[in-house]
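K.L.:
Please see the structure below; I have some questions.
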Amino acid sequence: MIRRLLLLNGLAIIAVVLNHAIGWGYTAMFWWTDRYAAVTVPNYAQIGSFDYYLLRTIEQLVIFAVPAFLFVSGFFMAIATNRSRANVAWALIGARIRGLAIPYLLWSILIFVVMFLEGQRQSATGYLRLLITGRTAPPYYFVPLLIQLYLLSPLLVPAARKNWKLLLIFTAIIQLCIRTLSYLNIIGALPLALRPLMVLTPGWFFPGHLFWFAAGIVIGFNLDSLKLILARTKWMLLAFALILFALGMVEWEMILRASSEPWIAPAQTLLDNLYAASFILTFLAFSDAKIPFASQLGEWGSRSFGIYLAHALVLQLTARAIAVLAPSLLSQQLLFQAILIIPGLAIPLLLMSLANTEKSPVRPYFQYLFG
Amino acid sequence: MSTQTVLTSYIQQEFVRGRKELQPHDDLLNTGILNSLGILKLVSFIEDRFDIQIPDEDIVFENFQSIHSLSEYLESR
């Protein structure tokens, strides 16, 4: 089953690239409409179209990705905790954080350079704020988030050993509270007294994602028990995943209507979280099922951090190039998505392959570039 | 080739990449040579290379802490 986690990571990184390509799809649909049609922007006329629901469907399908990554990271904390020790070593936490932070910093600096060349200037404090909150690029919130979770590991690991049920309940309640705040905020029903709590809800801050990491640790310590449960419940889990996927689609339409906005940026909901949990558990439960291209998926899974770091800039530059050079493609969502996704995956993999060749001068520094 | 040599060669090639000369007792986890994905990748390699299945319960810190401990574990199977 543990090998399955590498495949889960491979699936998750494809999902991440798809998700961010979809973000550019929405940009083309709402904010770049004037490049291929005689309209003013933002233009939301395509909401309800086939293309819109195509993007929404894929977006809903791939929403398991970040929970999956956090789950695998938490699981690793359980593996990496010595059986004879009560807690994870700070040396290991430091090594993990360095392994994340250095490549993150280097790629962020590269994006800062691109921003600078585009005329976007920030003060020193501004750049620092972008780094700390992961706002250099939309996907980059994940690194500050994961660093926080690693720093919390010395609390989470002993809790997972001593009372895993309480830990899961506690972290689930925290995450549920964050989701509730988001719901209320989106539909404009957030009481004034609760507004200060919105500082807890940004994607880069740990409360909204704590459960996944904690669940990974708990399952890492209780894998044998989990296997028995998964064996008994796998078809039920699959059914849950399918039902929750469909419900998540309906839920978002209801939230959109309740918000009275023509469109709102994607936000995780409770049903999304339940779907993600079902998806991850279903994937692990069917561990004997053969997956096409499993070897490739596993390879991409092992390179997922490098793909994650590089793909954001690749997608950005590709989308903008299309907007300038071939704007009519922006109205062909299926084609636009394919043109984004292929380089979104291929270019990071190519860069890593080139950096990893025997004669490459950057080979000794591969870990600092791609993790 | 001994188990230790095979493992050293693979880890040196895939994870260390010429940054240093790996020793049998070097700590692979606390130094960041192996991270979460690295362990999973290493397990895949071992299973394919030695034609064995590593039980999930054996994928623990004690067995993966160093090349020496990993070799000892594999040779005990």
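The values are calculated or read from the model by the stated rules, or taken from the named source; none is laboratory data. What you are looking at is a predicted structure, and each value in this text was computed from that prediction instead of being measured. Because the Cβ atoms are built from the backbone with ideal geometry, glycine has one as well, and the counts that use them run over all protein chains shown.
K.L.:
Keeping to the range A:165-221, report how many residues are surrounded by fewer than 15 Cβ atoms within 10 Å (Cβ to Cβ) and either of a type in the set (Gly, Ala, Ser) or outside any helix (DSSP H, G or I) (or both).
P.N.:
Qualifying residue count for the region: 4.
Here's the yes/no breakdown for (1) within 25 Å of A:Phe370 (Cα to Cα); (2) modelled with pLDDT under 90:
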site: B:Met1; (1), (2): no, yes
site: B:Gln4; (1), (2): no, no
site: B:Arg17; (1), (2): yes, yes
site: B:Leu29; (1), (2): yes, yes
site: B:Leu42; (1), (2): yes, no
site: B:Asp56; (1), (2): no, yes
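K.L.:
Further question on the same structure: Which residue, of B:Phe61, B:Phe50, is within 11 Å of another protein chain (Cβ to nearest Cβ), aromatic (Phe, Trp, Tyr) and either in contact (Cβ under 8 Å) with a residue 12 or more places away in the chain or closer than 19 Å to A:Tyr368 by Cα (or both)?
P.N.:
B:Phe61
K.L.:
In addition: If A:Ala65 satisfies all but one of (1) within 18 Å of the chain's Cα centre (by Cα); (2) over 30 Å from A:Arg257 (Cα atoms), what's the number of the condition it fails?
P.N.:
Checking A:Ala65 against (1) within 18 Å of the chain's Cα centre (by Cα); (2) over 30 Å from A:Arg257 (Cα atoms), the one that fails is (2).
K.L.:
I've got another one for you. Which one of the conditions (1) within 23 Å of A:Phe221 (Cα to Cα); (2) among the hydrophobic types (A, V, I, L, M, F, W, C); (3) within 11 Å of chain A (Cβ to nearest Cβ) does B:Phe15 fail to meet, given that it meets all the rest?
P.N.:
(1) is the only condition that B:Phe15 fails.
K.L.:
Within the range A:317-342, how many residues turn out to be under 23 Å from A:Tyr104 (Cα atoms) and crowded, with 17+ Cβ neighbours inside 10 Å?
P.N.:
Summing the residues that are under 23 Å from A:Tyr104 (Cα atoms) and crowded, with 17+ Cβ neighbours inside 10 Å in the range A:317-342 gives 4.
K.L.:
List the number of the failed condition for B:Leu7; all other conditions in (1) more than 9 Å from chain A (Cβ to nearest Cβ); (2) of a type outside the set (S, T, N, Q); (3) within 26 Å of A:Leu100 (Cα to Cα); (4) more than 11 Å from the chain's Cα centre (by Cα) hold.
P.N.:
Single failed check for B:Leu7: (4).
K.L.:
Take the residues in the range A:1-51 that are within 14 Å of chain B (Cβ to nearest Cβ) and of a type in the set (Lys, Arg), then tell me which one is farthest from A:Ile342 (Cα to Cα).
P.N.:
A:Arg3
K.L.:
Here's another thing I want to ask about it. If you scan the range B:25-47, which residues turn out to be of a type outside the set (Ser, Thr, Tyr), at the interface with chain A (Cβ under 7 Å from one of its Cβ atoms) and under 19 Å from A:Ser302 (Cβ atoms)?
P.N.:
Scanning the range B:25-47 gives B:Leu29, B:Gly32, B:Asn35, B:Leu37, B:Ile39, B:Leu40, B:Lys41, B:Val43.
K.L.:
Which of the residues spanning the range B:66-77 are under 9 Å from the mean Cα position of the chain (by Cα) and either at the interface with another protein chain (Cβ under 8 Å from one of its Cβ atoms) or in contact (Cβ under 8 Å) with a residue 40 or more places away in the chain (or both)?
P.N.:
Scanning the range B:66-77 gives B:Ser66, B:Ile67, B:His68, B:Leu70, B:Ser71.
K.L.:
Exactly one of (1) over 30 Å from A:Val114 (Cβ atoms); (2) in a helix (DSSP H, G or I) is unmet by A:Leu334. Its number?
P.N.:
Evaluating A:Leu334 over (1) over 30 Å from A:Val114 (Cβ atoms); (2) in a helix (DSSP H, G or I) leaves (1) as the failure.
K.L.:
Regarding the range A:105-121, can at least one residue be identified that is surrounded by fewer than 21 Cβ atoms within 10 Å (Cβ to Cβ), under 15 Å from B:Leu28 (Cα atoms) and without any contact (Cβ under 8 Å) to a residue 60 or more places away in the chain?
P.N.:
No, every residue in the range A:105-121 fails to be surrounded by fewer than 21 Cβ atoms within 10 Å (Cβ to Cβ), under 15 Å from B:Leu28 (Cα atoms) and without any contact (Cβ under 8 Å) to a residue 60 or more places away in the chain.
K.L.:
Would you say A:Arg56 is surrounded by fewer than 22 Cβ atoms within 10 Å (Cβ to Cβ) and within 9 Å of chain B (Cβ to nearest Cβ)?
P.N.:
No; evaluated as a whole, the condition is false for this residue.
K.L.:
Restricting the search to the range A:67-96, which residues are of a type outside the set (Gly, Ala, Ser), more than 8 Å from chain B (Cβ to nearest Cβ) and crowded, with 18+ Cβ neighbours inside 10 Å?
P.N.:
Within the range A:67-96, A:Pro67, A:Phe69, A:Leu70, A:Phe71, A:Met77, A:Val88, A:Ile93 qualify.
K.L.:
All but one of (1) within 14 Å of another protein chain (Cβ to nearest Cβ); (2) closer than 25 Å to A:Arg257 by Cα; (3) small (Gly, Ala, Ser) hold for A:Ser225, so report the exception by its number.
P.N.:
Here A:Ser225 clears every test but (2).
K.L.:
Of all residues in the range A:45-72, which are of a type in the set (S, T, N, Q), out of contact with any helix residue (DSSP H, G or I) (no Cβ under 6 Å at 6 or more places or on another chain) and not in a loop (DSSP other than H, G, I, E, B)?
P.N.:
Once the filter is applied, which keeps residues that are of a type in the set (S, T, N, Q), out of contact with any helix residue (DSSP H, G or I) (no Cβ under 6 Å at 6 or more places or on another chain) and not in a loop (DSSP other than H, G, I, E, B), the range A:45-72 yields only A:Thr57.
K.L.:
All but one of (1) outside any helix (DSSP H, G or I); (2) within 24 Å of A:Tyr52 (Cβ to Cβ); (3) of a type outside the set (S, T, N, Q) hold for A:Ile255, so report the exception by its number.
P.N.:
Every condition holds for A:Ile255 apart from (1).
K.L.:
Right, another one. Among the numbered conditions (1) closer than 19 Å to A:Phe69 by Cα; (2) without any contact (Cβ under 8 Å) to a residue 60 or more places away in the chain; (3) of a type in the set (S, T, N, Q), tell me where A:Ser225 comes up short.
P.N.:
Of everything listed in (1) closer than 19 Å to A:Phe69 by Cα; (2) without any contact (Cβ under 8 Å) to a residue 60 or more places away in the chain; (3) of a type in the set (S, T, N, Q), A:Ser225 misses just condition (1).
K.L.:
Which one of these does A:Ser302 not meet: (1) away from every other protein chain (no Cβ under 11 Å); (2) touching a Lys or Arg at 6+ places or on another chain (Cβ under 8 Å)?
P.N.:
Failing condition for A:Ser302: (1).
K.L.:
Name the residue, out of A:Ser287, A:Ser278, that is within 20 Å of B:Ile39 (Cβ to Cβ) and either more than 14 Å from every other protein chain (Cβ to nearest Cβ) or modelled with pLDDT under 95 (or both).
P.N.:
Within the list A:Ser287, A:Ser278, the selection yields A:Ser287.
K.L.:
Restricting attention to the range A:230-246, which residues are surrounded by fewer than 17 Cβ atoms within 10 Å (Cβ to Cβ) and over 9 Å from A:Leu281 (Cβ atoms)?
P.N.:
Listed by number, the residues that qualify are A:Ala231, A:Arg232, A:Trp235, A:Met236, A:Ala239, A:Leu242, A:Ile243, A:Ala246.
K.L.:
With assigned to a helix (DSSP H, G or I), touching a helix residue (DSSP H, G or I) at 6+ places or on another chain (Cβ under 6 Å), free of Cβ contacts under 8 Å to residues at least 24 places away in the same chain and within 29 Å of B:Ile39 (Cα to Cα) as the only criterion, which of A:Leu100, A:Leu92 stands out?
P.N.:
Just a single option satisfies the conditions, and that option is A:Leu92.
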